[in-house]
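*Asks:* Dumping the structure here so I can ask a few things about it.
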Amino acid sequence: MTHFSKARLDRRQLLKAGVAAAIAPALPASSRAAETRGRPDSLWYSRPADEWVQALPIGNGRIGAMVFGGIASERLQLNEDSFFSGGPYDPVNPQAREALPKVRELVFAGKYVEAQALLDSSVMARPLRQMSYQMLGDLLLTFPGLENVSGYVRELHLPTATARTQFLVDSSQVTRTAFASAVDQVIVLHLKASPPRPRISVNIALGTPQQAAFSIENGDTLVMSGQGPEDQGIAGAIRFEARARVIPKGGRHRSSEAGIYVRGADEVLVLVAMATNYLGPADLGGDPVAQNRERLAKAAAFDFDALLARHVEDFRPRLARVALDLGDSEAALLPTDERVRRFAMGSDPALASLYFQYGRYLLLSSSRGNSQPANLQGLWNERTDPPWGSKFTINVNTQMNYWPAGPTALFECMEPLLRMTRELAVSGARVAREMYGARGWVAHHNTDLWRAAAPIDGAFWGMWQMGGAWLSLSLWEHWEFTRDRTWLAAIYPLLKGASEFFVDTLVENPREKLLVTNPSLSPENVHPFGSTICAGPAMDSQILRDLFARTAEAAKILGFDAGFAQQLDGLRARLPKDRIGKAGQLQEWLEDWDMDAPEINHRHISHLWALHPSDQIDVEATPALAAAARRTLEIRGDESTGWGIAWRLNFWARLAAGDRAYKLLAMLLSPQRTYPNLFDAHPPFQIDGNFGATAAIAEMLLQSHRGRLRLLPALPRAWPAGSVRGLRARGGFEVDLAWSAGVLTSVRLVSHAGEPSTLIHGSQSRPIALKRGQARTFEWRNDAFSTG
Ligand code: FUC
């Protein structure tokens, strides 16, 4: 049905054929490079990367590299995701508790600038900024005497998660393959040349801008170990180590402290292990040296083909859970960066499906197993002072990273988010108690490796209490898609604690006697009174409506806390409802300030949270609010940062406006918002746009709310024919769709939870009741569902 399924081989076939052969078909050397061109499931280029945003990312969740694909010199820029600046710290500001009642009074008296000043002087975190994610170093290779090459091509093959560089030297094909193995926890780089083999000569070294020492072990292993940097007065407590073992076949090698020198080898295998002493936000008892030694010893027991086979066997089925075919295009024969330049001209639907699978590839590569969650740059960062610290911005960015996880069946990617949220609930309980005098837990608009939870950067951006509540709701989504009861039980304490904080801190607004947050803000938009600070912005009430409802629902399902659930239902009824303002827009604030706010095109559209990711606003169930949301989108405009466009794309999909959504996708898939390696450009690089748009493409094809499965709700004219296999819907459904001439042709459902639902397409609906594990196919004929 698609490139992905066509390309799939079963395991026996793979092992029989040798996986290396499976991904590099045995063709004459000269035609093999050409064969790579236009592989539909690869990003590929005809030149090495000059810049970082041209290099290709590989990652196993925890460790990763950017592969430059150089010829005479190659660089793999290395990351390990627990390498942050600073060390454990407590950002609680003890003055906050006394200052907050005064702040609340100022806000209710309309003295927003004064309230902001008091927040800045007495409530913000100490230190004011959080710690930042660090680049670890580089694996550097130089190939003396290598020149006059032809037929150059480098690619990132998504189904096998391998980066490959190939070129010809005389008539010999040089192939360099790199991947980050989750099974073996090493980065693998393999260098080889086809017959008539030129022998491989290469100098290999490690480098880093960090404070580090270098040594050699056993004559074949480079070791680089160091200490993380101090930040904001917090001493650097991370100890890191990278070690690279060089295993040549044939030839000679020698080493010095500066590197390992291989001469005349037939093949060279390099295995890189990386680790830090981080075990948790308050536990730095890890032993990176022992971990790396053990990983390298285990991995070195396998040869390259075996390492590759183990890696592909692990990765391929995860990515292959979903296959998307939006139609082929001739443009697919062009290098990927050229396709980005041309996307707006139309006729390259296959770039949209490639971008979709790339988003899934990036999430699988940056959030898995024991890893940190995907940060602002996923896993890939080449700087010691990255933009916004490359940490976790939780007023939209981190949550956006996880939007594709449920709909595109990347369930394992959620584990790191659960772990982080649990840790944040611990530090967040301290902030709740000591700064607010409240039970439960709270997190503001950012967190870092140390799970700092207090408001940062300045009250203008940071004085927002909903970060933890929204994260808890992201975890709830996983329950919606999987109906995994163990997961629900695991997240219940987080939902409950997040709710408790607001039970204790919501206040009555004097005029309407409604329950509101105070102080708060509508991320990060300034209102007409010279500040962001306010009480009860629409987004807060929307998040609380879902938080209270989901917590109560979870309590009911699990049979816990009936009294608490009832209390939440009562409070929920006293939250302000969404309001429609004088321009027909959905109001961002309690008062109708929107049209007088100075940044009318602001990138955040926080008050449309009710439309997406929530389902409080729905085209069918709440048409007046949906129309107001639409009006807000028109006023706000399409132009925005990468992630701002990606969120708008999701909004338009929810409003069933397929062509408008496609227009935004085209804005995103342009050189202004997409780098040559398809990384999203805020600018600078920020990965949320990749993930937000991946989720939006799924959203254009399938939506599932309020017990209804909407099929092709926002299909644009640009994708008249296509198919998708393996999308997931809330209620535990797996959905395959096919369409042609812009019309649904068939839908196949598998129910994993045995829940009833209703299929919706166009103006037709059809109730379905499948048992757990049951599958059923419907044809769409004469504008109606039929069972064939
Ligand atoms: C929020 C956004 C910015 C940026 C930063 C990381 O503060 O407003 O645009 O994405 O997070």
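*Asks:* In what order do Lys513, Lys192, Lys249 fall by count of nearby beta-carbon atoms within 10 Å, going from fewest to most?
*Replies:* Result, fewest neighbours first: Lys513, Lys249, Lys192.
*Asks:* Cα atoms only, segment 123-273: Rg and Dmax in Å?
*Replies:* Both quantities, over Cα of segment 123-273: 18.9, 70 Å.
*Asks:* What does segment 534-601 give for Rg and for Dmax, in Å, if only its C-alpha atoms count?
*Replies:* When restricted to the Cα atoms of segment 534-601, Rg and Dmax are 15.6, 49 Å.
*Asks:* While we're on this one: Please give me the summed charge of the neighbours of His752: other residues whose Cβ is under 15 Å from its Cβ, Lys and Arg +1, Asp and Glu -1.
*Replies:* On the way: positive: Arg321, Arg483, Arg485, Arg728, Arg730, Arg748, Lys771, Arg772, Arg776; negative: Glu480, Asp484, Glu734, Asp736, Glu755.
Value of the local net charge: +4.
*Asks:* Between the helical axis of 562-572 and the dominant principal axis of the chain, each derived from Cα atoms, what acute angle in degrees is found, rounded to the nearest 10?
*Replies:* Relative to the chain, helix 562-572 is tipped by roughly 80 degrees.
*Asks:* Strictly over 25 Å apart at the Cα level, which of Lys111/Lys513; Lys249/Lys298; Lys391/Lys577 would you flag in this model? Don't skip to the answer; put the middle values down first.
*Replies:* Numbers: Lys111/Lys513 19 Å; Lys249/Lys298 19 Å; Lys391/Lys577 33 Å.
Over 25 Å Cα-Cα: Lys391/Lys577.
*Asks:* If you add up the charges near Ala469, with Lys and Arg at +1 and Asp and Glu at -1, over every other residue whose beta carbon is less than 12 angstrom from its beta carbon, what do you get?
*Replies:* Net of charged neighbours comes to 0.
*Asks:* Working from the pairwise distances between different alpha carbons, so that the mean of 1/r is found and then inverted, what is segment 30-122's Kirkwood radius in Å?
*Replies:* Result for segment 30-122, one decimal place: 18.8 Å.
*Asks:* Along each of its three principal axes, how wide is the spread of alpha-carbon positions in segment 333-434, in whole angstrom units, largest first?
*Replies:* Sorted from largest, the Cα extents of segment 333-434 read 58, 33, 22 Å.
*Asks:* Now a separate question. Could you list Ser640, Ser390, Ser746, Ser723 so that the one with the fewest beta carbons within 10 Å of its beta carbon is first and the one with the most is last?
*Replies:* Ascending number of Cβ neighbours within 10 Å: Ser746, Ser723, Ser640, Ser390.
*Asks:* Please determine, in degrees from 0 to 90 and to the nearest 10, the orientation of helix 642-654 with respect to the longest principal axis defined by the Cα atoms of the chain, where the helix direction is its Cα long axis.
*Replies:* For helix 642-654, the angle is close to 60 degrees.
*Asks:* What number in nm² do you get for segment 550-682 if you take the convex hull of its Cα atoms and divide its surface by four?
*Replies:* 10.5
*Asks:* Same structure again: Residues with amide H under 5 Å of Ala443's amide H, sequence separation 5 or more or different chain, H placed in the peptide plane at 1.01 Å from N; which?
*Replies:* Gly467, Gly468, Ala469
*Asks:* Hey, could you get me the Stokes-Einstein D for segment 192-350, Kirkwood radius over alpha-carbon pairs, 20 °C and 1.002 mPa s, rounded to whole µm² s⁻¹?
*Replies:* Value of D from the Cα-based Kirkwood radius: 109 µm²/s.
*Asks:* Right, another one. Counting only helical runs of four or more DSSP H residues, what would the 222 nm mean residue ellipticity of the chain come to if each run contributes -39,500 (n - 2.57) and the total is spread over all its residues?
*Replies:* Rounded to the nearest 500, the figure is -9500 deg cm²/dmol.
*Asks:* Quick one: helix 96-108 against the long Cα principal axis of the chain, what's the angle to the nearest 10°, folded into 0 to 90?
*Replies:* That helix lies at roughly 60 degrees to the long axis.
*Asks:* Ranked from highest to lowest mean number of other Cβ atoms within 10 Å per residue, what is the order of the peptides 364-374, 117-127?
*Replies:* Ranked by mean Cβ neighbours within 10 Å, highest first: 364-374, 117-127.
*Asks:* Taking the simple approach of a point 7 Å from Cα along Cα-to-Cβ for both Glu434 and Lys556, what is their distance in nm?
*Replies:* Result for the modelled spin labels: 3.9 nm.
*Asks:* Would you please give the FRET efficiency between Glu639 and Arg383, computed as 1/(1 + (r/R0)^6) with r the Cβ-Cβ distance and R0 = 22 Å, to the nearest 0.05?
*Replies:* Approximately 0.20, to the nearest 0.05.
*Asks:* Now, a different point. Using a 7 Å offset from the Cα along the Cα-to-Cβ direction at both Glu105 and Thr787, what is the distance between the two label points in nm, to one decimal?
*Replies:* Those two pseudo-labels are separated by 7.0 nm.
*Asks:* Contact order normalised by length for segment 606-683, with contacts defined as Cα pairs under 8 Å and 6 or more residues apart; what percent is it?
*Replies:* Details: 74 pairs, mean separation 20.1, N = 78.
In percent, rounded to a whole number, it is 26.
*Asks:* What list of whole percents do you get for P(r) of segment 476-517, with Cα-Cα distances grouped in 5 Å bins up to the one holding the largest distance?
*Replies:* 6, 20, 18, 13, 13, 11, 11, 6, 2
*Asks:* First obtain the Kirkwood hydrodynamic radius of segment 635-723 from its Cα pairs, then insert it into the Stokes-Einstein equation at 4 °C and 1.567 mPa s, and state the resulting D in µm² per second as a whole number. Show your work: numbers first, answer last.
*Replies:* Working: Rh = 13.1 Å.
Approximately 99 µm²/s, per Stokes-Einstein.
*Asks:* Stokes-Einstein diffusion coefficient for the chain at 37 °C in a medium of 0.692 mPa s, Rh from the Kirkwood formula over Cα pairs: what value in µm²/s?
*Replies:* 120
*Asks:* Using amide H atoms built in the peptide plane, which far-off residues or other-chain residues are under 5 Å from Gln227 H to H?
*Replies:* So Gln227 has HN proximity to Gln211, Phe240.
*Asks:* Over segment 113-225, what is the relative contact order in percent, taking alpha-carbon pairs closer than 8 angstrom and at least six residues apart?
*Replies:* 22
*Asks:* Charges at C-beta only: +1 for Lys and Arg, -1 for Asp and Glu. How large is the resulting dipole of segment 519-599 about its Cα centre, in Debye rounded to 20?
*Replies:* Working: 8 positive and 13 negative charges, 86 e Å.
Charge dipole, segment 519-599, about its Cα centre: 420 debye, nearest 20.
*Asks:* What is the extension gain from Asp90 to Val507, computed as 0.36 nm multiplied by their sequence separation minus the C-alpha to C-alpha distance, in nm to one decimal? Let's see the in-between values first.
*Replies:* Numbers: separation 417, 0.36 × 417 = 150.12 nm, distance 2.72 nm.
Contour length minus the Cα-Cα distance gives 147.4 nm.
*Asks:* Next question. I want the local charge near Leu449. Using Cβ-Cβ distances under 15 Å, sum +1 for each Lys or Arg and -1 for each Asp or Glu among the other residues.
*Replies:* Summing Lys/Arg as +1 and Asp/Glu as -1 gives -1.
*Asks:* Another question about this same structure. Does segment 152-226 come out rounded, prolate or oblate by the C-alpha gyration tensor, with a ≥ b ≥ c the root eigenvalues, rounded set by a/c under 1.5 and, if not, prolate when a/b is larger than b/c and oblate if not?
*Replies:* Since a/c reaches 1.5 but b/c is at least a/b, the shape of segment 152-226 is classed as oblate.
*Asks:* Can you sort Thr505, Thr398 by how many other beta carbons sit within 10 Å, fewest first?
*Replies:* On the way: Thr505 20, Thr398 26.
In increasing order of surrounding Cβ atoms, one gets Thr505, Thr398.
A short reminder: the numbers here are calculations on the coordinates, not readings from a lab. Predicted model only: the values in this text are computed from it and were never measured. Don't worry about glycine lacking a Cβ; one is built from the backbone with ideal geometry, like all the others, and counts go over all protein chains shown.
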